[in-house]
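The values are calculated or read from the model by the stated rules, or taken from the named source; none is laboratory data. Because the structure is predicted, anything quoted here is derived from the model rather than measured. Here the Cβ positions follow ideal geometry from the backbone for every residue, glycine too, while neighbour counts run over all protein chains shown. Just the protein is used for accessible areas: all its heavy atoms, side chains included, with ligands, DNA and RNA removed. Shrake-Rupley method; radii C 1.70, N 1.55, O 1.52, S 1.80 Å.
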Amino acid sequence: EWIRQSESDRKPVMVFVHGWGGSGRYWESTARALSDTYDCLLYDMRGFGRSSSKSQQTDNPHPNPRHASYSMETYVEQLKSLLDALQLDRVSLNAHSMGASIATLFASRYGDRLHQLVLTCSGIFAYNKLTFSLFHRIGGLVVSFRPAWLPAIPGCDRLFMARFVHKPLPRHDSQAFLNDYLQADGSANLGTMYTCVSKHASIVMPQAFGSLNVPTLLVSGEKDIIIPPRLGKEAAQLNDTIQYVEIPKVAHFPMLERPKAYLETLHGFLRPMAIA
C-alpha cells in the first residue's frame, strides 16, 4: 500500500516493516505524517495481515527445518524481492520490533540498497536455553488459543494490548491489533517466534548490528517490557553509525503512544535523499 501525496511528484521512498503478529496497518498514521517528504510504502509480511503464508522461499534457512520458511533471513530475501519487483533501487527503512531485526539483517546484506535505517523498539538478546524454552512454550500456548469470538468480549482488546503499551490506545487501534493477531497465519506466528527468539538469532543479530554501514537511528521506549531499552542501548554500542534515542513515557509502540515525540525524533535524524 502506497501512502503518498501525489502520483506525479515523486519523492524519496520510505518502506515500513511491521512486527510480530501485526500488519502494515499500524504504520499508517506515521506514514501519512511523513508523506510530505517521502512516498511511503507499507506491506504485510508473509503470513501476516493480508499476505498469504503459502510462499516457501528458504534462502539461508533457520537451523530448525520445521521453521525454516519463517526465518528472518527468508523475510530479508522477500523484502529484497519486493523492492526488486517495484524497481526501488535505494530506499529508507523504518522497521519495528521483529521487523527491525529483519531490517537490520537486510541492511547488513544489502546496505547499498538503503539510504537510512530507522529501528523502532529493537535490541539484542543474550541466549539462555531455559528462558528461551519457557518463552516458546508459553508463546505456543498463547498462539494456539485464538478463538474468533475474542473481540466480542468487552475490554478484551485493551487487555490484549496491556503488555505492549504504557497507556491504553484508542479502542479502534487496540481492536485492530487484536484482529491482526487473530487473523495472522498460525504457522507464521509460531515460526517467527521460534526463529526470532533463538540461539541462532542471538548469534547473528550482534554481528548484523556490528556490520551496519548505513546511518541508523534506534528508538527505544522507556517503559518497554517487550524489548527493554537496555537491549537497545547494547545494540547501539556495537556500531558508531547507530544513533540511540529513548522516548520517555512510552512502551512498545511509541509511534502510537506519543506520535508527536516520535515524529520529532525522526525529523531530527532523517535526511531525505535527492531524486535525480
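Any chance the stretch 165-174 includes a residue that's at pLDDT below 95, more than 27 Å from residue 221 (Cα to Cα) and open to solvent by 100 Å² or more (accessible area, probe 1.4 Å)?
Looking for residues that are at pLDDT below 95, more than 27 Å from residue 221 (Cα to Cα) and open to solvent by 100 Å² or more (accessible area, probe 1.4 Å), one finds none in the stretch 165-174, hence no.
What are the residues in the stretch 197-227 that are buried (at least 16 other Cβ atoms within 10 Å of the Cβ) and within 20 Å of residue 255 (Cβ to Cβ), if any?
Selection gives 215, 216, 217, 218, 219, 220, 221, 223, 224, 226, 227.
Residues checked against (1) of a type outside the set (Val, Ile, Thr); (2) in contact with a Leu (Cβ under 7 Å, 6 or more places away or on another chain); (3) within 25 Å of residue 191 (Cβ to Cβ):
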{"position": "137", "(1), (2), (3)": "yes, no, yes"}
{"position": "144", "(1), (2), (3)": "yes, no, yes"}
{"position": "152", "(1), (2), (3)": "yes, no, no"}
{"position": "156", "(1), (2), (3)": "yes, yes, no"}
{"position": "172", "(1), (2), (3)": "yes, no, no"}
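Helices (runs of 4 or more DSSP H) wholly in the stretch 134-206 with at least 3 residues that are under 21 Å from the mean Cα position of the chain (by Cα) and in contact (Cβ under 8 Å) with a residue 24 or more places away in the chain - which ones?
Values: elements: 156-161, 171-183, 186-196.
Result: 171-183, 186-196.
Are there any pairs with C-beta distances below 8 angstrom linking a residue in the stretch 24-40 that is in contact (Cβ under 8 Å) with a residue 24 or more places away in the chain and open to solvent by 10 Å² or more (accessible area, probe 1.4 Å) to a residue that is in a helix (DSSP H, G or I) and not polar (S, T, N, Q), with the two at least 6 apart or on different chains, and if so which?
Pairs that qualify, where the first residue is in contact (Cβ under 8 Å) with a residue 24 or more places away in the chain and open to solvent by 10 Å² or more (accessible area, probe 1.4 Å) and the partner is in a helix (DSSP H, G or I) and not polar (S, T, N, Q), are 25/176; 25/180; 29/255; 29/256; 29/259; 33/259; 33/263.
What do you reckon, is residue 245 more than 27 Å from residue 134 (Cβ to Cβ) and open to solvent by less than 10 Å² (accessible area, probe 1.4 Å)? Spell out the reasoning first.
Values: more than 27 Å from residue 134 (Cβ to Cβ): yes; open to solvent by less than 10 Å² (accessible area, probe 1.4 Å): no.
Here the answer is no, as residue 245 does not meet what is asked.
Quick one: residue 39 ticks every box in (1) in contact with a helix residue (DSSP H, G or I) (Cβ under 9 Å, 6 or more places away or on another chain); (2) at pLDDT 95 or above bar one, so which box is it?
Among (1) in contact with a helix residue (DSSP H, G or I) (Cβ under 9 Å, 6 or more places away or on another chain); (2) at pLDDT 95 or above, residue 39 violates only (1).
Table: residues versus (1) under 17 Å from residue 42 (Cβ atoms); (2) not basic (Lys, Arg).
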site	(1), (2)
82	yes, yes
88	yes, yes
99	yes, yes
111	no, yes
129	no, no
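For the stretch 248-273, give me each residue that is open to solvent by 20 Å² or more (accessible area, probe 1.4 Å), part of a loop (DSSP other than H, G, I, E, B) and touching a residue at least 12 places away in the same chain (Cβ under 8 Å).
Listed by number, the residues that qualify are 248, 249, 271, 272, 273.
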